[in-house]
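Visitor: Can you keep this structure in mind? I'll have questions shortly.
The values are calculated or read from the model by the stated rules, or taken from the named source; none is laboratory data. Treat the numbers as computed from the prediction; the structure is a model and nothing was measured. Virtual Cβ from ideal backbone geometry, glycine too; neighbours counted across all protein chains shown.
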Amino acid sequence: MFIDKIIVIRPRKPASEDEESKYEPPIPETPISHLLSSLAIPSQSEEDATRQYVQTLKDHREGLLNKMRDLADVIGETALAQYTVDATIREYAAIVHPLRSLPPELLSDIFLQCQFGGTLDEEPYIPNSFHPLQGPLLLTHVCRRWRMVALSTPGLWTTLKVQFKKAQNPELKFTQLTLISTWLSRSGSLPLTIGIHVKDY
């Protein structure tokens with residue numbers, strides 16, 4: 001027999017006098033509880049007492065529901081506050097993160113180890129190099145320091161992958177040509193790997 005999990009049950013902390021004074025039993029007490037174990041016909045006074053007790057229970061239930069709603073609001077507000085604190089912790093912890101103090105030369109070497117895009121096979125799927133969330137352009141959008149390092153690292157810009165459409169908007173084509181020129185200037189005098197994908201539609 002194998003035991004996957006051990007559940008430790010800790011004894012409840014004894015309630016203080018103030019907590020005991022605030023304790024409310026889950027079900028209000030009633031002098032007519034003996035009627036539950038009897039099939040005798042209740043008297044008129046017992047019927048009235050029962051109806052009154054049922055109404056008391058309904059009121060008590062409504063009070064419990066209100067408490068649950070209040071607790072749900074408190075839990076939601078507390079969870080939101082915790083999320084805000086966690087986000088702030090991450091922001092300020094980043095100030096002292098070792099990555100922030102890396103020399104530009106080492107950061108540039110790390111950038112060069114990143115793999116941008118796929119290989120240039122006979123019929124490759126070539127993602128557009130100009131997507132802001134792919135390739136070296138992504139590095140230029142992280143922070144000012146990363147942008148400066150990326151722009152001063154020609155090796156990041158030696159692979160150029162472009163998609164053209166035969167019926168392409170002239171303005172878009174002009175924008176792509178401008179970006180190609182910028183890409184080439186950033187690569188300096190390094191050899192290039194260029195992939196061009198032309199679509200018929």
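Visitor: Among the residues that make up region 35-45, is at least one of them in a helix (DSSP H, G or I), modelled with pLDDT of 80 or more and surrounded by 10 or more Cβ atoms within 10 Å (Cβ to Cβ)?
Guide: yes
Visitor: Being part of a strand (DSSP E or B), of a type outside the set (S, T, N, Q) and within 14 Å of residue 183 (Cβ to Cβ) is the filter here, so list the residues in region 151-166 that pass it.
Guide: 160, 161, 162
Visitor: Suppose the filter is in contact with a helix residue (DSSP H, G or I) (Cβ under 7 Å, 6 or more places away or on another chain) and at pLDDT 80 or above; does residue 140 pass it?
Guide: Numbers: in contact with a helix residue (DSSP H, G or I) (Cβ under 7 Å, 6 or more places away or on another chain): yes; at pLDDT 80 or above: yes.
Answer is yes for this residue.
Visitor: Something else: Output the number of the condition that residue 186 fails; it satisfies all remaining conditions of (1) under 14 Å from residue 108 (Cβ atoms); (2) modelled with pLDDT under 90; (3) charged (D, E, K, R).
Guide: The failed condition is (2).
Visitor: Output the number of the condition that residue 125 fails; it satisfies all remaining conditions of (1) at pLDDT below 90; (2) part of a helix (DSSP H, G or I); (3) aromatic (Phe, Trp, Tyr).
Guide: It fails just one condition, (2).
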